[in-house]
Amino acid sequence: MSSASPAKDGKDAHWMALALAEARAAMDAGEVPVGAVLVKDGAVLATGRNAPVAGHDPTAHAEIQALRAAARALGNYRLDGCELFVTLEPCAMCAGAMLHARLSRVVFGAADPRTGAAGSVVDLFAQPQLNHQTQVQGGVLAEDCAQLLQGFFRGRREVAKAAAQPLRDDALRTPESCFDGLAPSPWTECQLADLAALQGLRMSYLDTAPDAAPGPACVCLHGAGLWSHHERGLIEALLAAGVPRVLAPDLVGFGKSDKPKREAFHTADWHRDVLQQWLERVGVERAVLVVAESMRGLGEALAAAAPGRVAQLLIAPESPAPELEDARRAPFPDRGYEAALRVFGKPRKARQVAPGEARALARRAMGYFAAT
């Protein structure tokens with residue numbers, strides 16, 4: 001692989017960041033997060049993202065999508081003078097298409113040790129017998145590209161593992177179809193069921209950095225009758241403020257977590273113990289706990305039980321959010337699922353932290369992270 005000048009390195013990072021945006025869009029659509037951007041004369045000519053699943057097309061890789069769009073834009077299948085930026089090392093199919101298109105340069109982010117055809121498994125670009133030579137540069141924003149892929153596949157593994165977890169006879173699990181009308185989470189959805197306190201129940205949570213090393217994080221605890229979907233505005237504000245990692249659990253009985261049929265399950269001590277074991281499992285060594293006002297008691301109990309792990313407790317006032325009303329109802333298709341609501345209370349309307357309050361809480365949380 002060739003090296004690039006510092007000036008080119010800066011431009012490469014810019015185009016790769018756009019390719020990463022395409023990869024995230026692919027992930028939002030349920031595809032493996034790979035994105036591509038094709039550039040000519042210093043301007044974006046075409047973009048592409050993985051779409052084999054949606055298109056029922058094994059050739060619909062991000063690179064192929066970008067090549068097809070660029071060829072249509074130029075009215076020519078030869079793409080002389082064009083550069084392609086892709087978040088993952090091209091496979092043999094895509095590398096062959098790039099060579100046929102006569103690209104001048106290919107830049108990729110993360111290496112692919114299983115199918116990479118630019119040096120990891122084979123190097124199709126280094127064959128002197130070919131009648132066209134394409135310059136290749138790897139490793140641009142490699143860590144960002146790799147983390148996106150790792151988070152996606154970890155989420156899939158967690159979901160598959162949780163799906164294999166048998167449901168207790170005295171609990172219910174909301175069908176996934178109940179959530180079909182809601183926007184998918186931009187962050188990794190994880191599940192676990194092997195904590196001692198869970199007693200075989202499955203718990204779901206959002207994690208913005210599931211592959212992060214053990215360390216500090218913000219933990220958002222939803223309000224009574226709600227779930228992590230209602231914390232998305234707060235999560236976005238925390239990330240925008242610079243918080244390195246944010247997690248948001250669905251308490252057992254809420255959201256996508258299992259729902260015991262008996263109200264006796266839902267004691268404050270039991271939920272506290274579940275959260276305490278969960279924080280240890282996910283590697284949160286020091287937490288800024290941001291708790292919805294209606295769950296203040298549980299947040300205070302957790303902070304008191306784990307003073308070495310909960311460094312700061314912030315209470316988040318809740319405001320009406322009619323746009324999230326469908327999300328409030330989704331986890332509870334009938335009364336059989338509502339034991340937790342009968343214990344903690346059932347809000348008459350969806351609520352969330354108002355945007356201005358979310359930004360203020362984010363600034364307070366970042367005060368802790370800046371000081372540690």
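The values are calculated or read from the model by the stated rules, or taken from the named source; none is laboratory data. Here the structure is a predicted model, which means the values were calculated and not measured. Cβ coordinates were reconstructed from backbone atoms using ideal geometry, including for glycine residues, and neighbour counts include every protein chain displayed. Just so you know, the surface numbers come from the protein's heavy atoms only, side chains and all, with ligands and any DNA or RNA stripped out. Shrake-Rupley method; radii C 1.70, N 1.55, O 1.52, S 1.80 Å.
Listed values, structure above:
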read-out	value
Accessible surface, per residue, of the chain when the full set of protein chains is kept, probe 1.4 Å, Å²	44 Å²
DSSP bridge orientation in region 80-178 - percent antiparallel, rounded to nearest 5	10 percent
Rough spin-label spacing in nm, given labels placed 7 Å along Cα→Cβ, for V44 and A371	4.1 nm
DSSP bridge orientation in region 1-123 - percent antiparallel, rounded to nearest 5	70 percent
Candidates L247, L79, L226: whichever shows maximal mean-square fluctuation once the chain is modelled as a Gaussian network with Cα springs under 10 Å	L79
Qualifying trypsin sites (Lys or Arg not before Pro) in region 312-348, DSSP loop, other Cβ atoms within 10 Å at most 12	R348
Estimated [θ] at 222 nm from DSSP helical runs (n ≥ 4, -39500 (n - 2.57)) normalised by residues in the chain, nearest 500	-11000 deg cm²/dmol
Average Cα contact separation per residue, region 19-73, under 8 Å, 6 or more apart, as relative contact order %	29 percent
Relative contact order (percent, whole number), region 279-341, Cα cutoff 8 Å, 6+ residue spacing	31 percent
Extent along principal axes [Cα atoms of region 233-372; Å; largest to smallest]	46, 33, 21
DSSP beta bridge pairing in the chain, given as percent antiparallel to the nearest 5	50 percent
Relative contact order [Cα under 8 Å, 6+ residues apart], the chain, whole percent	12 percent
With every protein chain in place, the chain: carbon and sulfur % of accessible area (1.4 Å)	53 percent
Span from the region 15-61 Cα centroid across to the region 216-239 one, whole angstrom	29 Å
Stretchable slack from A305 to A240, in nm (0.36 nm times residue separation minus alpha-carbon distance)	20.4 nm
Straight-distance crosslink candidates among aspartates and glutamates, where the alpha carbon sits under 18 Å from K259 and sequence neighbours closer than 8 are dropped	D169, D170, E176, E189, D194, D250, D269, D273, D334, E338
Efficiency of FRET between R329 and A25 - r from beta-carbon atoms, R0 22 angstrom, step 0.05	0.20
Span-rule helices in the chain, defined as complete DSSP H runs reaching 27 Å or more along the axis (Cα) with Kyte mean at least -1.0	6-28, 142-163
Separation of alpha-carbon centers, region 68-126 and region 143-188, rounded to whole Å	32 Å
